[in-house]
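Remarks on the structure that follows.
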Amino acid sequence: MWTIVVAGGSGQRFGGPKQYEALGTQRVLDWSVAAARAASAGVVVVVPAADAALEGGVAGGASRAQSVRAGLAHVPADATVICVHDGARPFATPLLFERVVAAVANGADGAVPGVPVTDTIKQLAADRTVAHTPPRAELVAVQTPQAFRAHVLRAAHAAADGPGDAATDDAAMVEAAGGSVVVVPGDTINRKITDPDDLQWARRHLGQEEHSMSTPHFRVGQGFDIHRFSDDPARPLVLGGVVFEGARGLHGHSDADAVAHAATDALLGAAGLGDIGEHFPDTDPQWKGADSLQLLRHAAGLVREAGFRICNVDCSVVCETPKLAPHKATMQQRLSEAAGAPVTVKGRRAEGLGALGRQEGIAVWATALIVGEAPAAKENQQ
């Protein structure tokens with residue numbers, strides 16, 4: 001499942017680009033992207049064209065629909081489910097993503113989260129007299145993330161003409177194309193930042209959460225992995241989820257991605273959840289040749305289930321060859337998507353010293369920072 005985070009608007013109602021407003025220690029957009037990465041195999045972030053290079057995103061269009069189409073062009077063709085999430089909804093939870101994706105997996109063309117409407121709604125005629133008062137029990141206020149069968153969403157956008165660009169969400173476009181869209185339970189906390197009052201509410205909400213934690217409970221974990229080069233000339237070299245074409249591969253039970261392994265180990269250690277060998281032993285056939293980004297994604301999920309939020313992971317890769325620089329940005333993107341949090345990569349040489357200096361293998365050190373939500377309870381459990 002891939003997610004398109006739509007943040008291409010200029011924020012006219014807000015008075016400026018609301019997606020870049022500060023919210024706690026991050027920006028509104030950063031919260032939304034992190035939520036998407038925690039639940040997705042890949043994320044495409046759509047931002048105003050002028051910001052695309054700086055943000056590492058895709059240039060949006062003049063309308064929301066055009067921005068989504070710009071994001072769709074960057075989603076792999078083999079993706080079967082695509083979510084669309086507003087960059088101005090910073091408090092979406094993994095559970096919301098799970099609900100909409102599960103509904104699509106169960107047969108719907110699309111699924112949206114909805115919350116009950118508490119006010120009475122009036123439908124107006126052209127002269128602003130009341131034409132209809134729909135029963136409140138039949139109404140919901142719709143949120144994102146919204147999930148769709150990939151081919152259905154692509155077809156709905158391909159069929160949209162000028163008027164289609166006026167659609168306020170993708171579900172409306174799928175409905176207009178004849179698709180079935182179901183509603184799953186939403187979350188009142190998943191509020192969209194539309195005007196300054198919404199941002200003030202979000203800041204108050206975040207402050208209340210931080211206050212409930214008493215003092216921030218930060219934990220640090222260290223991970224390490226080392227692999228020798230393989231004697232098999234056909235074995236590929238995989239580092240940070242990237243295949244280094246033409247480079248000598250590493251020996252290992254899985255794909256031997258030492259960067260992903262070290263990051264996984266650091267996260268597990270920070271949360272007190274053991275180490276990578278306990279969760280993914282090299283004696284277990286199911287992990288033979290495994291994609292190590294999946295191991296990292298699973299470990300990140302365990303950390304969150306234990307009540308922690310991942311702040312970041314920093315990796316130092318020690319090798320004489322190959323050069324990491326041409327692949328560094330892609331490595332960081334794929335690792336960050338798997339971890340659901342920023343992951344940075346730095347390359348280091350051993351300056352000819354020892355086994356690493358003799359180009360016998362590659363070693364990686366990683367450090368992870370996480371923050372707990374209920375420190376007293378966590379300490380008692382341990």
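Descriptive notes on the structure:
- Here the label points at Lys323 and His298, each 7 Å from Cα along the C-beta direction, are separated by 3.6 nm in the simple model.
- Given R0 = 45 Å, the distance between the Cβ atoms of Asp119 and Thr344 translates into a calculated FRET efficiency of 0.45.
- Fewest neighbouring Cβ atoms within 10 Å first, the residues Trp365, Trp2, Trp201 line up as Trp201, Trp365, Trp2.
- Close Lys pairs in the range 217-381, defined as Cα atoms under 29 Å apart and 8 or more places apart or on different chains, number 5.
- Relative to the current alpha-carbon distance between Ala77 and Arg228, full extension at 0.36 nm per residue lengthens the span by 50.8 nm.
- Note on Arg358/Ala176: beta-carbon distance plugged into 1/(1 + (r/R0)^6) with R0 of 51 Å gives a FRET efficiency of 0.20.
- Computed extension length for Asp127-Ala158: 7.6 nm, one decimal, from 0.36 nm per residue of separation with the Cα-Cα distance subtracted.
- Relative contact order (%) - the range 217-381, alpha-carbon pairs under 8 angstrom, separation at least six: 32
- In the chain, the DSSP-assigned H stretches of four residues or longer account for a calculated mean residue ellipticity at 222 nm of -9500 deg cm²/dmol, using -39500 (n - 2.57) per stretch and the full residue count as denominator.
- Dipole orientation for the chain: of the candidates Val142, Gly56, His327, Gly56 has the Cα lying most toward the positive pole (charges on Cβ; Lys, Arg +1; Asp, Glu -1).
- Given charges at Cβ of Lys, Arg, Asp, Glu: the range 217-381 dipole, positive-most of Val371, Ala299, Thr283: Val371
- Scanning the chain for DSSP H helices at least 15 Å long along the axis (C-alpha atoms) with a Kyte-Doolittle mean no lower than 1.0 picks out 94-105, 258-270.
- Computed from point charges on the beta carbon alone (+1 for Lys and Arg, -1 for Asp and Glu), the dipole magnitude for the chain about its Cα centre is near 500 Debye.
- Take the convex hull of the alpha carbons in the chain; its mean projected area over all directions comes to 22.5 nm².
Every number in this text was worked out from the coordinates using simple rules, so none of it is lab data. Bear in mind that the values here come from a model prediction, so they are computed numbers and not experimental data. Please note: Cβ atoms are built from the backbone with ideal geometry, for glycine as well, and neighbour counts cover all protein chains shown.
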